[in-house]
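The values are calculated or read from the model by the stated rules, or taken from the named source; none is laboratory data. Since we're looking at a predicted model, the values are computed, not measured. Neighbour counts run over all protein chains shown; Cβ positions are idealised from the backbone, glycine included.
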Amino acid sequence: MKTKSQNRSVEIDGSIGEGGGQILRSSLSLSAITGTPFRLINIRAGRKKPGLMRQHLTCVRAAAEICDAETTGAEIGSTELSFSPGAIRSSGAAFAVGTAGSVHLVFQTVLPILAHAPGASEITIAGGTHVIQAPCFEFIDEVFLPALRQLGLRAEVELERVGFFPAGGGIIRATVEPSSFSPFSFDGKQGKDVELSAEIASTAEIPDTVEKKEIRRVVSALGLDRDQIWTRAIGDSISPGNAVILRAAGPGVFPGTLTAAYAERGKPADRVAREAVWTMQRFLNSSAPVDEFLADQLLLPLALAGGGGYTTNALTPHFHSNVKTIRSFLPVKITTEQIDRLAYKVEVTH
């Protein structure tokens, strides 16, 4: 989709809505795809440490390399960025965040750009694969990508090494084929056919008592049988780590959801499990088939597809910021309707 005007440039206020990195990431994707230059001010103004952090700078540099963009302000701590894209090309590059910053947020930035490349791409991204405030690898592989394949995306991702906070060091490898997005609506609702399961993933440094406490909490909170929960030993991480990963799947809740919570120094194991359970229960208490996180992530692909919709259990500040950013680049109409206390219908049209 190319809607570039030679005289058109977009200015975006990064303090709108929740004032986070999603505004930057969506701007980069849409600028490269539409060929529209942009200037972003007040970058991450809503965060404790405003400006570009390493993860965000990696997004900028990766997007710029793929579309041969000219940039100003692409440096750590910068609160303003100008981005002028060129032609999108296929890539075989390796990108490194340099910290435990999320590799998947970088991936979600470049994915739609690479889908518009003239040929196949194979990239690697190094950094954090299982970190707070970002989707984990399992969510990308089992929820996000299957949903986008319904729109026509042709992409695969592999986990080469797990990366926990604080060292990161995780690696993913992704292949992306040229793809054309088509409108799609995620219909259906949750029913009795929801299948729940849990996974406790830990490195060797984590005591067995931590896993046992997490299992007890998950089993009691969600009513799982022991055959619905399992443990996974992680032997390839350069940082000690532990994650509680919960899955909800079934034909009535496609694409389902996956929630995760992570151990941190000083955080009790029971609290780690409760965090994952609380997020899952918010989803299960609704009839919606799309969770609040995927709801935000589907907006840009559906806007590029020219239409579609879904029902979600919540509209987050991320969602509203993304709506405003997308409208800065594309002539789309995004409407929402509250169906009940825990369900919202979202429609994207041109």
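Sort through 163, 168, 223 and tell me the only one that's at positive phi and surrounded by 20 or more Cβ atoms within 10 Å (Cβ to Cβ).
Just one listed residue meets the conditions, 168.
Which residues, counting only those in region 26-51, are part of a loop (DSSP other than H, G, I, E, B) and within 15 Å of residue 70 (Cα to Cα)?
Selection gives 35, 36, 37.
Starting from region 222-237, take each residue that is under 26 Å from residue 172 (Cβ atoms) and list its partners that are surrounded by 10 or more Cβ atoms within 10 Å (Cβ to Cβ) and hydroxyl-bearing (Ser, Thr, Tyr), counting only C-beta distances under 6 angstrom and pairs at least six apart or across chains.
Listed pairs, sorted by first residue: 234/203; 237/203.
Looking at region 157-191 only, could you name the residues that are free of Cβ contacts under 8 Å to residues at least 60 places away in the same chain and within 28 Å of residue 313 (Cβ to Cβ)?
If the condition is that a residue be free of Cβ contacts under 8 Å to residues at least 60 places away in the same chain and within 28 Å of residue 313 (Cβ to Cβ), then 157, 159 are the ones that fit.
Specify which of the listed residues (226, 217) is more than 30 Å from residue 30 (Cα to Cα) and modelled with pLDDT under 95.
Answer to the selection: 226.
Just name the residue that is surrounded by the most Cβ atoms within 10 Å (Cβ to Cβ) out of those in region 227-253 that are touching a helix residue (DSSP H, G or I) at 6+ places or on another chain (Cβ under 7 Å) and not small (Gly, Ala, Ser).
Going through the qualifying residues, I end up with 244.
Anything in region 179-204 that is charged (D, E, K, R) and modelled with pLDDT of 95 or more? List them, or say none.
Listed by number, the list holds a single entry, 199.
So which residues in region 92-119 are assigned to a loop (DSSP other than H, G, I, E, B), closer than 27 Å to residue 132 by Cβ and out of contact with any helix residue (DSSP H, G or I) (no Cβ under 7 Å at 6 or more places or on another chain)?
The answer is 100, and nothing else.
For region 328-350, how many residues are at pLDDT 95 or above and aliphatic (A, V, I, L, M)?
5
Limited to region 254-275, what total is found for residues that are farther than 10 Å from residue 214 by Cα and either touching a Cys at 6+ places or on another chain (Cβ under 7 Å) or surrounded by 18 or more Cβ atoms within 10 Å (Cβ to Cβ) (or both)?
9
Among the residues of region 218-242, what is the count of those that are assigned to a helix (DSSP H, G or I) and more than 30 Å from residue 340 (Cα to Cα)?
The number of residues fulfilling the criteria is 3.
For region 122-134, name all the residues that are of a type outside the set (Val, Ile, Thr) and surrounded by fewer than 24 Cβ atoms within 10 Å (Cβ to Cβ).
Within region 122-134, 122, 126, 133, 134 qualify.
Determine, yes or no, whether residue 115 is of a type in the set (Gly, Ala, Ser), at pLDDT 95 or above and not assigned by TED's automatic domain parsing to the domain that holds residue 255.
Considered against the rule, which asks whether it is of a type in the set (Gly, Ala, Ser), at pLDDT 95 or above and not assigned by TED's automatic domain parsing to the domain that holds residue 255, residue 115 comes out as yes.
Taking the condition out of contact with any Asp or Glu (no Cβ under 7 Å at 6 or more places or on another chain) and either in a loop (DSSP other than H, G, I, E, B) or within 19 Å of residue 13 (Cβ to Cβ) (or both), does residue 79 pass?
In short, yes.
Taking the conditions exactly as written (of a type in the set (D, E, K, R) and part of a loop (DSSP other than H, G, I, E, B)), does residue 89 satisfy them or not?
Yes.
May I ask you to say which residue of 98, 35, 86, 77 is out of contact with any strand residue (DSSP E or B) (no Cβ under 6 Å at 6 or more places or on another chain), closer than 22 Å to residue 180 by Cβ and surrounded by fewer than 17 Cβ atoms within 10 Å (Cβ to Cβ)?
Sole residue among the options that is out of contact with any strand residue (DSSP E or B) (no Cβ under 6 Å at 6 or more places or on another chain), closer than 22 Å to residue 180 by Cβ and surrounded by fewer than 17 Cβ atoms within 10 Å (Cβ to Cβ): 86.
If the requirement is being of a type in the set (Gly, Ala, Ser), under 27 Å from residue 199 (Cα atoms) and not assigned by TED's automatic domain parsing to the domain that holds residue 33, which of these qualifies: 305, 276?
276
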